Amino acid sequence: MLETDKLLKELTIDEKINLLAGYDFWHTYAIPRLDIPSISVSDGPNGVRGVKFFNGEPSTCFPCGTGLAASFNKELILKCGELMGKEAKLKKVNLILGPTCNILRSPLGGRGFESYSEDPYLSGIITSYLVEGIQKENILACLKHFVCNDQEKDRKIVNVKLTDRSFREVYLKPFQLAIKNSNPGSLMIAYNKVQGEYISESKSIIQDIVRDEWKYDGCLMSDWFGTNSAKKALDAGLNLEMPGPTIQRTKAQIDDEKVSEDVINENVKYVLDMVKKAEKVNFDEEIDESDSLAVARQIGDESIVLLKNDEKTLPLSKNVKSIAIIGPNAKASQESGGGSATLPTRYKTTPIQSIKEKLSKATEIFYEQGCQLDKNVPDIGPLLIDEFGKPGVSANFYHEPETTKDRKPFETINLNTSQIFLADFKSPQLPVDQALYYVEFISYFTPDETAEYEFGCSTLGTAELFVNDRLLIDNKTKQVKGDAFFLAMGTIEEKGYIHLNKGEKYQIKILFGTTPTNKLGINRAESGGVYFGCRKRAKPEEDLQKAIELSKKVDYVILCVGLSKEWETEGTDRTTMNLPGNSNKLIEGVCQANKNVILINQSGTPITMPWVNLPKAIVHAWYGGNELGNSIANVIFGDANPSGKLSMTWPKKLEDNPSYLHFGSNNGQVWYGEDVFVGYKYYEKVNLKPLYPFGFGLSYTEFEISNLNINKKDDNLVVTVDVKNIGDVEGSEVVQVYIAQSNPKEVRPVKDLKDFNKVNLKPNETKSVKFEISIKEATSYWNESINKWQSDKDEFKVFVGNSSDNISIGGTFNTEATFTWLSV
Ligand code: BGC
C-alpha cells in the first residue's frame, strides 16, 4: 500500500467517501485499484469472536473485565493481550473491538462486567497492558466506549452532565493513560452525549482533547449505528462510520451538506493510516490454541477473590466424607456477561464438573439445584438433535413464508445453540439488501425426566413454536416489546407449558420471519433472530426444601449462586443489586441446615449479601471464561492460592453507592452527582464502611509489608518496600500504593491509587517491590478555573498496603513548586 499522502492524491472523491464508512458489519472498504485492503474487526473485550456473529467459530474466553482487573497482574494481562492477538490471527481479524475502559459508577451498569474498575488508574493500567499485548502481535486494539458510556439506559441518546474535573480525573483518565502508554490503533466513540453534545460531533472533545492535548493519531470509529449526522460528525473528526453500508455518509448526503474536501481528506487520512498499520500482521503464522487455555486458567485463578474464610475452612481437603454441590450456578458455565462481549467458547467447564474431578473416589457427592436463576429459559442447543441426527438444530432458510406451497430452502445449516441471532447472516442466495426472509428451525428433544416442561421464545421478527406440531407459543400474531437481543429491540419471552415423558423424542419446530415481519414497529437493517429453550417447570418451594434437606445430611456444602449473562448484559441495566429469584432464601436455608457452607458467587459486579455472616467461606469468581470451573476448583482445594483483589468497592446495599441518586436516565439526562468521589473515594470521604473495600482479597497465607523508602529520580517518585510471606504456603500479594495531598486547596479524595504490583513469595521469602510513579500524575488535579492540570507545592502522603482499607506503612514527600500542564 502506498503512503497515505500519495493515496490521497490518487483516490477519487467517490472512493474517499466509500472509505469513510464500513463495507459491512465487520469490514472496512477495500479499493483494489490502489491496493488498499479491507481490514476486519471483531469484538471484543474478553476474547476474539471473529468476523461472524451468527454461527461463528469458537474462541478462548478470558474472564470478564472486572475479573481481569482483579488479578492486578500487569504481566499476566500483557500475556492475555498477546494471546488475544494470536487468536485474532487465527480468525483473520485485524482489529479487536476492545478493551472496554468505561468506569463502574454503579453496580447496576449492564456492561459493568465488561469494564475494569471504579478506579481510573487501575482501569487505565490494565487497559494499557492489554493493548500492548494485543498490538505486540501486530493486531490493533480499539479502546471503547469513549467516553462516559457508563450505563445502558438510553445509551444511544443519554446526555451525561458532569463537572469538568470529574470528566478529566475520572472518565477521561483511563483513555488518556492507555493512549499515552500503549497507543491503541483505534478509539470507538460512544453513542451518548456529554454536556449536551454527541461525542461523535464534539470538536471540543475530539479535536481539542484527543488530537491536540493527547496527540493521538489513531482512527476514531463510531460505535455500531452510532453516527448521527454527516457533516457535523465529519467536521468534528469522527473518521469512520461503523458498520457499513453507510447510513449517514452517502454521496448525496455529503454533497447536500457541503462537506469540504479538506475535511474528507483529513478523515480518510486516519482511516488509511489505520489500514496501513493493520497490514503488518502475518496471518500465516502457526498458532497453538492450547497456549491460551493455560493462561486463561492462570488468569481465572488469579482473578478469584477470597472474601471470607472463617476458621480456615478453605482450602478444603479433597478427602471430605460427603459434600453437596448446590445452587443455580453449579451446573452452569457462566463464562461471560451478555451482549457483544459474548463468544462461542472452545469448550465449557462448570463448577460441579471441576469440583467432582478433584474429590477423592471415596467422597460421597450430591447435587440439588435449589432454585432457578435464568431470567429466560436457558439455551438448550447442546441437548438437541437436528433433522439429520447431528447434535444441534437444523435451520432451513426460505425466501417465502410457510404459507407458500412447495417452498424450497435456499440454504440449510446446523446450529449448536437455541439462541439464534442472525445479525450478520449471509448467503450467496440472499441479495445483501434483502432483509425479509424466513427460517424454519427444526430439532428433536428427548427429556431425561417425565415432568411438566416450560418453553420460552422471544424474537426480533416473528416466531411460532410447535412441539410435535402443536402450537405452544405464538409470538407472531400479537407481540409485546421486551428486552430480548442485546440492543433491547425484541419481544418479551413468551412462555408455554407441556407435559413430556422421559425417553420420548419430541420435535421442536420454530417458524420464524426476519425483522421486517415484526409487529412492534421495529425498523432495522438486521435480520433479527429467535431465542428459544425449555427446562423442567420449577416448583420453587419443593426445589428449595430438597436442597435444604440435602444440606442436613452432608459434611460440607458448596453453594454456587450469582448472576448470568442474562442479568448483566449490553442494552439493559440491572434494576436491583439483589440476587434473583429464590437465591437468598436458598442461601439462608442451606446455611441454617449446615454449618460448613462454602459460597461461590459469580457475577461481574457486586450483589447484596444480606446473609454474609452465615457461610464459613465466600469466594467471588466473576464470569471466569472457559476455565471458570477449573479455577474455582483450584482455589477451593488449594491448588491455587487466591490472590485476586476487588476491582471495585462492594457496598452493603445499593443505596450506599455514591451514584445511587444519579444513576440511569431522567428524560434522557444523567447527572454524575458524585463528582470525583467515585467508588472508594466516596466511601472514604464520608467514612461509610462498605461490605468489602476496593483492593481487598484474602489469601491462604499472610504477608508483611515493611521498610518503605521514598526517593525522587528525575520526574518520578521511586517507592520501594519489602514484602515477606509470613505464612506457611506459597502465595502472591498485591502491593498497592495510594497518594494524598496533605493540604489541598480543593476538596480531594482521602487517597488515590497510583500504582500496584503483584509479587509471588515462598513461605518465609522476602522480596523488595519497586514502584516508579510519575510525580506529575501522582500529584495533579484538574483546576477548573484555569482548565489545566495543577500540581501544588505541598507535602504528599504515601500509603502502602494490600487493600484500600489496610495500609501497612506510610511516608511523605514534598513537591518544590506549583505548576500547571495540559498536554501529555
Ligand atoms: C457495542 C460495541 C460493539 C459493537 C459491535 C455495539 O452495540 O456497543 O461495544 O463493539 O456493537 O458488536
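The values are calculated or read from the model by the stated rules, or taken from the named source; none is laboratory data. Predicted, not measured: the structure shown is a model, and the values here were computed from it. Because the Cβ atoms are built from the backbone with ideal geometry, glycine has one as well, and the counts that use them run over all protein chains shown. Note: accessible area is taken over every heavy atom of the protein model, side chains too, but ligands, DNA and RNA are not part of it. Shrake-Rupley method; radii C 1.70, N 1.55, O 1.52, S 1.80 Å.
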From VAL51, VAL41, which residue is under 16 Å from ALA341 (Cα atoms) and in contact with a Lys or Arg (Cβ under 9 Å, 6 or more places away or on another chain)? VAL51
Does any residue in segment 494-514 that is closer than 15 Å to CYS457 by Cα and among the hydroxyl-bearing types (Ser, Thr, Tyr) come within less than 8 Å, Cβ to Cβ, of a residue that is assigned to a loop (DSSP other than H, G, I, E, B) and open to solvent by less than 60 Å² (accessible area, probe 1.4 Å) six or more places away or on a different chain, and which pairs are these? THR514/LEU422; THR514/ALA435; THR514/TYR437; THR514/GLY461; THR514/SER527; THR514/GLY528
Report the residue count in segment 565-588 for those that are buried (at least 21 other Cβ atoms within 10 Å of the Cβ), touching a residue at least 40 places away in the same chain (Cβ under 8 Å) and in a helix (DSSP H, G or I). 2
Can you find even one residue in segment 593-609 that is of a type in the set (Gly, Ala, Ser), in a helix (DSSP H, G or I) and surrounded by fewer than 20 Cβ atoms within 10 Å (Cβ to Cβ)? yes
Go through (1) β-branched (Val, Ile, Thr); (2) within 16 Å of the ligand (Cβ to nearest atom); (3) open to solvent by less than 40 Å² (accessible area, probe 1.4 Å) and name the single condition VAL281 misses. (2)
Output the number of residues of segment 221-262 satisfying the condition of being within 16 Å of the ligand (Cβ to nearest atom) and either assigned to a helix (DSSP H, G or I) or farther than 16 Å from ASN18 by Cα (or both). 5
I'd like the full set of residues that are farther than 16 Å from LEU140 by Cβ, away from the ligand (no atom under 14 Å from the Cβ) and under 24 Å from the mean Cα position of the chain (by Cα), limited to segment 183-201. LYS193, VAL194, TYR198
Determine which single condition ILE157 fails, assuming it passes every other condition in (1) within 19 Å of the chain's Cα centre (by Cα); (2) within 16 Å of the ligand (Cβ to nearest atom); (3) open to solvent by 10 Å² or more (accessible area, probe 1.4 Å). (1)
Search result, residues across segment 326-341 that are outside any strand (DSSP E or B) and more than 16 Å from the ligand (Cβ to nearest atom): GLY327, PRO328, ASN329, ALA330, LYS331, ALA332, SER333, GLN334, GLU335
Segment 39-61, subset of a type in the set (Val, Ile, Thr) and either open to solvent by 10 Å² or more (accessible area, probe 1.4 Å) or not in a loop (DSSP other than H, G, I, E, B) (or both), residue farthest from LEU240 (Cα to Cα): VAL51
How many of the residues in segment 468-514 are of a type outside the set (Phe, Trp, Tyr) and within 16 Å of the ligand (Cβ to nearest atom)? 6
When the residues of segment 160-175 are narrowed to those that are open to solvent by less than 10 Å² (accessible area, probe 1.4 Å) and under 21 Å from LYS215 (Cα atoms), which ends up farthest from the ligand (Cβ to nearest atom)? VAL170
Total residues in segment 66-98, condition open to solvent by less than 20 Å² (accessible area, probe 1.4 Å) and within 17 Å of LYS280 (Cβ to Cβ): 9
How many residues of segment 4-38 are of a type in the set (Ser, Thr, Tyr), away from the ligand (no atom under 16 Å from the Cβ) and out of contact with any Lys or Arg (no Cβ under 6 Å at 6 or more places or on another chain)? The answer is 3
Selection from segment 544-560 of residues that are touching a strand residue (DSSP E or B) at 6+ places or on another chain (Cβ under 6 Å) and either among the basic types (Lys, Arg) or surrounded by fewer than 20 Cβ atoms within 10 Å (Cβ to Cβ) (or both): LYS546, ASP555
Evaluation of PHE485 against (1) at pLDDT 95 or above; (2) crowded, with 22+ Cβ neighbours inside 10 Å (one fails), failing number: (1)
Sort out which residues of segment 33-50 are among the hydrophobic types (A, V, I, L, M, F, W, C) and under 20 Å from ASN626 (Cα atoms), and write them in order of number. VAL48
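For every residue, the table says whether it meets (1) of a type in the set (A, V, I, L, M); (2) closer than 26 Å to LEU68 by Cα; (3) open to solvent by 10 Å² or more (accessible area, probe 1.4 Å); (4) in contact (Cβ under 8 Å) with a residue 12 or more places away in the chain.
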{"site": "VAL719", "(1), (2), (3), (4)": "yes, yes, no, yes"}
{"site": "ASN725", "(1), (2), (3), (4)": "no, yes, no, yes"}
{"site": "GLU730", "(1), (2), (3), (4)": "no, yes, yes, yes"}
{"site": "ILE739", "(1), (2), (3), (4)": "yes, yes, no, yes"}
{"site": "ASN743", "(1), (2), (3), (4)": "no, no, yes, yes"}
{"site": "SER768", "(1), (2), (3), (4)": "no, yes, yes, yes"}
{"site": "ILE775", "(1), (2), (3), (4)": "yes, no, yes, yes"}
{"site": "GLU784", "(1), (2), (3), (4)": "no, no, yes, yes"}
Search segment 668-706 for residues being assigned to a loop (DSSP other than H, G, I, E, B) and of a type in the set (Val, Ile, Thr), and hand back the single one that is surrounded by the fewest Cβ atoms within 10 Å (Cβ to Cβ). VAL686
Only one of (1) without any contact (Cβ under 8 Å) to a residue 40 or more places away in the chain; (2) at negative phi is not met by VAL275, so which one is it? (1)
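This table checks each residue for (1) modelled with pLDDT of 95 or more; (2) within 24 Å of ASN46 (Cα to Cα).
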site: GLU549; (1), (2): yes, no
site: THR569; (1), (2): no, yes
site: ASN584; (1), (2): yes, no
site: ILE587; (1), (2): yes, no
site: CYS591; (1), (2): yes, no
site: LEU599; (1), (2): yes, no
site: SER603; (1), (2): yes, yes
site: LEU614; (1), (2): yes, no
site: ALA621; (1), (2): yes, yes
Answer with yes or no whether SER204 is closer than 18 Å to GLU266 by Cβ and either within 14 Å of the ligand (Cβ to nearest atom) or open to solvent by 10 Å² or more (accessible area, probe 1.4 Å) (or both). yes
Just need a number here: residues in segment 89-108 that are touching a strand residue (DSSP E or B) at 6+ places or on another chain (Cβ under 9 Å) and either within 14 Å of the ligand (Cβ to nearest atom) or of a type in the set (Ser, Thr, Tyr) (or both). 9
Exactly one of GLY65, GLY47, GLY81, GLY85 is more than 19 Å from ASN267 (Cα to Cα), away from the ligand (no atom under 14 Å from the Cβ) and touching a Phe, Trp or Tyr at 6+ places or on another chain (Cβ under 7 Å), and that one is GLY81
Look at GLU213 and say whether it is surrounded by fewer than 22 Cβ atoms within 10 Å (Cβ to Cβ), farther than 16 Å from GLY124 by Cβ and among the acidic types (Asp, Glu). no
